[in-house]
1. V62: among the β-branched types (V, I, T) and open to solvent by 70 Å² or more (accessible area, probe 1.4 Å), yes or no?
2. Tell me the residue from F45, F17 that is touching a Leu at 6+ places or on another chain (Cβ under 6 Å), among the aromatic types (F, W, Y) and within 20 Å of E70 (Cβ to Cβ), please.
3. Determine which member of the set I49, I28 is open to solvent by 40 Å² or more (accessible area, probe 1.4 Å), outside any helix (DSSP H, G or I) and among the aliphatic types (A, V, I, L, M).
4. Quick one: would you say K57 is touching a helix residue (DSSP H, G or I) at 6+ places or on another chain (Cβ under 9 Å), open to solvent by 60 Å² or more (accessible area, probe 1.4 Å), part of a helix (DSSP H, G or I) and of a type in the set (K, R)?
5. What pairs can you find where one residue is in the stretch 48-69 and over 15 Å from I24 (Cβ atoms), the other is open to solvent by 40 Å² or more (accessible area, probe 1.4 Å) and assigned to a loop (DSSP other than H, G, I, E, B), and their Cβ atoms are less than 7 Å apart, with a gap of 6+ or different chains?
6. Test I41 against the stated conditions and say whether it is of a type in the set (V, I, T) and part of a loop (DSSP other than H, G, I, E, B).
Amino acid sequence: MEKLLELLNSLYSEIDFKNEKKLIENHILDSASVVSIVSEIEDEFDISIPMEYIQPKYFESVEAMWEMIEELS
C-alpha cells in the first residue's frame, strides 16, 4: 500500500491520503481526479480496472483503492 500512497501523493500532494477516509463524499476527489487515478493505478500496478469498479466506494480512501488493486491483481 505504500507504493499506492506514494503514487497518490505525487499526483495530488495537497491531499492527505493517509488520513482522509471520505475522498469522494467530501468532494476532495472529483470525477476527473478519479479518471486520472485510475489511469495511474493501471500503469503502476499493471492491472485493468473494469467499469464496475469505477464507483465511489472504491475511491473513498487509500485503503479502499488498495483493496480494489488486490482484488484485481
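1. Considered against the rule, which asks whether it is among the β-branched types (V, I, T) and open to solvent by 70 Å² or more (accessible area, probe 1.4 Å), V62 comes out as no.
2. Numbers: F45 fails: touching a Leu at 6+ places or on another chain (Cβ under 6 Å).
After ruling out the rest, the residue left standing is F17.
3. None of the others qualify; the one that does is I28.
4. yes
5. W66/M1
6. Working: of a type in the set (V, I, T): yes; part of a loop (DSSP other than H, G, I, E, B): no.
When the stated conditions are applied, I41 does not pass them.
The values are calculated or read from the model by the stated rules, or taken from the named source; none is laboratory data. What you see is a predicted model, and the numbers here were worked out from it, not measured in a lab. Counting neighbours? That spans all protein chains shown, and the Cβs are built from the backbone with ideal geometry, glycine included. In case anyone asks, the SASA skips ligands and DNA or RNA and just uses the protein heavy atoms, side chains included. Shrake-Rupley method; radii C 1.70, N 1.55, O 1.52, S 1.80 Å.
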